[in-house]
Amino acid sequence: LTRSRDQHLSADKRRDLAARCGWDWHPTTPDVQGGDLLVNVTPIGMAGGAEEHDLAFTPGQIARAGTVFDVVALPSETPLIVEARRQGKPVVTGLEVVALQALEQFVLYTGVRPSDEQVQAAVEFART
C-alpha cells in the first residue's frame, strides 16, 4: 500500500490496514520495488480528471509487477493499463470490476448466474 491521494486515512490507519492484509505500507510509490500485484486505487488516469494522461506508477515499477490492476473504469484503457499491456503484463481493468459487481448484483436480484460467455459479452458490449 502506498500513500493515497485521498487523505481520509491517516498513515497509522494505512499501515494497520496493510498489515491486516499481509502487505507492507510505503509512504510514497518510489519505495515500491515490485510484487505480485500492483494496484491503482486513485483517480490518476480517470477521464476528465486533471491527471487523466498520467501514469499512477513508473514504467519501472510496472515492469517489476506480476499483474497490474487499475480500478479506474473510465476509460477502461487507462495510461497504466496501456503501459502494462505494452510490457506484456496481465491486467485487471476497472471495467472488469464494474462488470463483476454488476454480475453479483444481477445474481442477488434474480437468483440467476449468467455464464462466463454472457459476462464476457456484457464486458465487450460495455466497451463500445
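Laid out as a table, the results:
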{"read-out": "Residues satisfying the stated conditions in the stretch 73-128, i.e. of a type in the set (A, V, I, L, M) and in contact with a strand residue (DSSP E or B) (Cβ under 7 Å, 6 or more places away or on another chain)", "value": "80, 81, 84, 91, 92"}
{"read-out": "Selected residue (criterion: nearest to residue 80 (Cα to Cα)) from residues of the stretch 24-40 that are modelled with pLDDT of 80 or more and open to solvent by 60 Å² or more (accessible area, probe 1.4 Å)", "value": "37"}
{"read-out": "Matching option when the condition is in contact (Cβ under 8 Å) with a residue 12 or more places away in the chain, open to solvent by 30 Å² or more (accessible area, probe 1.4 Å), not aromatic (Phe, Trp, Tyr) and not in a loop (DSSP other than H, G, I, E, B), among 96, 83, 77", "value": "96"}
{"read-out": "Counted residues, the stretch 99-122 - those being within 16 Å of the chain's Cα centre (by Cα) and surrounded by 12 or more Cβ atoms within 10 Å (Cβ to Cβ)", "value": "2"}
{"read-out": "Lone unmet requirement of (1) part of a helix (DSSP H, G or I); (2) among the acidic types (Asp, Glu); (3) within 28 Å of residue 10 (Cα to Cα) for residue 51", "value": "(1)"}
{"read-out": "Test: residue in the stretch 60-74 that is hydroxyl-bearing (Ser, Thr, Tyr) and assigned to a loop (DSSP other than H, G, I, E, B)", "value": "no"}
{"read-out": "Condition broken by residue 127, with the remaining ones in (1) at pLDDT 90 or above; (2) open to solvent by 60 Å² or more (accessible area, probe 1.4 Å); (3) more than 23 Å from residue 21 (Cα to Cα) satisfied", "value": "(1)"}
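The values are calculated or read from the model by the stated rules, or taken from the named source; none is laboratory data. Since this is a predicted model, take the numbers as computed values, not measurements. Neighbour counts are summed over all protein chains in view; Cβ atoms, including those assigned to glycine, are modelled from backbone coordinates with ideal geometry. To get the accessible areas, we keep the full protein, side chains included, count just its heavy atoms, and leave off ligands, DNA and RNA. Shrake-Rupley method; radii C 1.70, N 1.55, O 1.52, S 1.80 Å.
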